[in-house]
1. State the number of residues belonging to region 243-268 that are in a strand (DSSP E or B), of a type outside the set (A, V, I, L, M) and surrounded by fewer than 18 Cβ atoms within 10 Å (Cβ to Cβ).
2. If you go through region 62-75 one residue at a time, do you hit one that is over 30 Å from TYR134 (Cα atoms), among the polar types (S, T, N, Q), without any contact (Cβ under 8 Å) to a residue 12 or more places away in the chain and assigned to a helix (DSSP H, G or I)?
3. Give me the pairs, please: first residue somewhere in region 90-111 and in the same structural domain as ASP232 (by TED's automatic domain parsing) and free of Cβ contacts under 8 Å to residues at least 60 places away in the same chain, second residue anywhere and among the β-branched types (Val, Ile, Thr) and surrounded by fewer than 17 Cβ atoms within 10 Å (Cβ to Cβ), beta-carbon distance under 8 Å, and either six or more positions apart or on two chains.
4. Is there a residue in region 269-282 that is charged (D, E, K, R), surrounded by fewer than 17 Cβ atoms within 10 Å (Cβ to Cβ) and either modelled with pLDDT under 80 or in a strand (DSSP E or B) (or both)?
5. Check region 78-93 and report whether any residue there is in a helix (DSSP H, G or I), closer than 20 Å to VAL222 by Cα and of a type in the set (Lys, Arg).
6. Among what's in region 273-285 and is without any contact (Cβ under 8 Å) to a residue 24 or more places away in the chain and polar (S, T, N, Q), pick the residue that is farthest from SER97 (Cα to Cα).
7. Would you check which residues across region 130-145 are of a type outside the set (A, V, I, L, M, F, W, C) and assigned to a helix (DSSP H, G or I) and list them?
Amino acid sequence: MVKVGEKNCVSFEWIDRFLGGIKKFSDRARLIFVPHGEAACGLLTMMQRPLLKAIKKVMPSFCHSVSCTEMASDIQNNLKTLKWDLKDVVALCADGSNHDGHQHMDLIKAVDFSFFNTLFKHGWAHKTLSKYKYHGPSVHSVLKVPIYEEVAVLKSVFSGFKLRMKILGTTFSGSPTRTTLGNTLRVFSYWSYICKQAGLSYTFLKGDINKDVFIYVSGDDVVMWTHKNLADRIIASSDRLTSKDKSDKFYGLGQCIEKIAVTPWYDIDFCSKISFQYWVDNRPSFVILRDPRKVLTHSNFHRYCSDLAFMPAALHNEYVAESVEHEMPGELMKAYARNRRRLGKMGLRSRNHLVHYTEKIKEIRKSYNIDDKIIPNDVQMDELMARKLGLTFRNYVSLTI
């Protein structure tokens with residue numbers, strides 16, 4: 001399968017003109033592999049839900065399925081727990097490259113296999129399924145296929161030809177355990193090791209204090225906070241243990257970290273989100289928002305080549321408008337949302353379709369969690385967002401309208 005919205009129907013040349021080349025977007029469709037039905041991915045995905053909740057209770061730095069507002073609150077609360085003077089704290093955002101392709105089998109065995117071995121040893125399957133009737137040996141046999149497989153067999157059909165591919169090691173999109181859960185645990189392990197080799201103490205646990213580094217991870221994205229005078233030690237250790245390019249050479253941990261950005265603690269580029277600090281009544285406030293570059297590019301334009309389209313183009317415009325209107329502040333973003341909503345209505349065949357789509361959109365509004373109290377005035381936010389993206393205000397206006 002292909003991620004929805006990534007069969008792009010528009011050239012990115014006009015976007016690059018306004019972005020000034022600060023970030024390149026690929027129009028290559030990213031594949032989602034669907035493992036064989038015998039892998040019981042549905043059962044394993046269901047069993048992970050309570051597991052992820054339990055992990056996040058003791059590891060507040062395990063960032064999974066949180067809104068922008070929740071993330072901002074979590075980060076501030078975690079930093080307060082460490083009792084640091086924030087004037088002396090910087091953020092380190094690591095820009096990894098081709099992460100999934102560098103998750104070697106030795107690393108998966110060391111982290112994923114050990115993790116699930118411990119869970120099974122302590123009766124994880126029985127405790128999770130205690131409310132259901134199930135056959136223990138059967139459940140264990142199908143769960144262990146996707147968890148412990150060293151060679152993944154992936155099947156596909158291309159231009160009428162059936163393809164059968166074997167992938168040794170690495171993480172592939174569609175894996176029920178090696179993406180969100182496995183990647184996050186491995187990235188924690190990598191950076192814990194890098195910090196340890198730098199002679200620094202680290203934490204990602206609840207209530208831990210007086211540590212040198214706090215590590216915050218979601219999948220393959222990571223941001224760390226530390227004291228200004230320790231940042232160079234982390235970077236030097238990373239340079240020794242990771243590669244600067246995506247070649248297949250064996251190098252340290254086998255991971256590729258192209259760049260580590262050092263910024264003030266409140267200025268992070270993480271998980272397709274950006275952040276600001278601004279002043280309200282002479283008091284600093286911290287806000288996290290979706291990256292407007294992604295809002296205006298990825299999943300924004302696409303074509304539907306199949307009669308079995310997941311979403312009509314008119315409804316897609318409505319969803320984009322709804323998302324932008326509820327998640328992105330600023331007068332320019334509001335104007336952009338109004339325009340997308342207008343385009344959506346133009347594509348509807350009748351008033352009944354509009355009512356139907358409007359009702360569907362209302363159902364998802366509950367998922368938006370933006371606290372109006374933490375959003376500055378719209379003009380101020382327009383200026384902050386343009387500055388954050390490295391754009392002139394004029395180019396930012398051109399990009400949004």
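1. Within region 243-268, the subset in a strand (DSSP E or B) is 243, 256-264.
Now narrow it down to the ones that are of a type outside the set (A, V, I, L, M): 243, 256, 258-259, 263-264.
From what's left, surrounded by fewer than 18 Cβ atoms within 10 Å (Cβ to Cβ): 258-259, 263-264.
Selection size over region 243-268: 4.
2. From region 62-75, those over 30 Å from TYR134 (Cα atoms) are 62-63, 66-75; that's our starting set.
If we keep only those that are among the polar types (S, T, N, Q) too, we end up with 67, 69, 73.
Okay, now just the ones that are also without any contact (Cβ under 8 Å) to a residue 12 or more places away in the chain, so 73.
Going one step further and asking which of them are assigned to a helix (DSSP H, G or I), we end up with 73.
The answer is yes; a qualifying residue exists.
3. Sorted first by the residue in region 90-111, then by its partner, the list stays empty.
4. yes
5. Within region 78-93, one or more residues are in a helix (DSSP H, G or I), closer than 20 Å to VAL222 by Cα and of a type in the set (Lys, Arg).
6. Applying the filter and picking the extreme gives ASN282.
7. Residues of region 130-145 of a type outside the set (A, V, I, L, M, F, W, C): 130-138, 140-141, 144.
Across region 130-145, the qualifying residues are GLY136, PRO137, SER138, HIS140, SER141, LYS144.
Matching residues to (1) touching a residue at least 40 places away in the same chain (Cβ under 8 Å); (2) part of a helix (DSSP H, G or I); (3) within 26 Å of the chain's Cα centre (by Cα):
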position: LYS155; (1), (2), (3): yes, no, no
position: LEU163; (1), (2), (3): no, no, no
position: LYS166; (1), (2), (3): no, no, no
position: GLY174; (1), (2), (3): yes, no, yes
position: LEU185; (1), (2), (3): yes, yes, yes
position: LYS196; (1), (2), (3): no, yes, yes
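The values are calculated or read from the model by the stated rules, or taken from the named source; none is laboratory data. The shown structure was predicted, so the numbers you read here are calculated from the model rather than taken from an experiment. Note: ideal-geometry Cβ built from the backbone for every residue, glycine included; neighbour counts use all protein chains shown.
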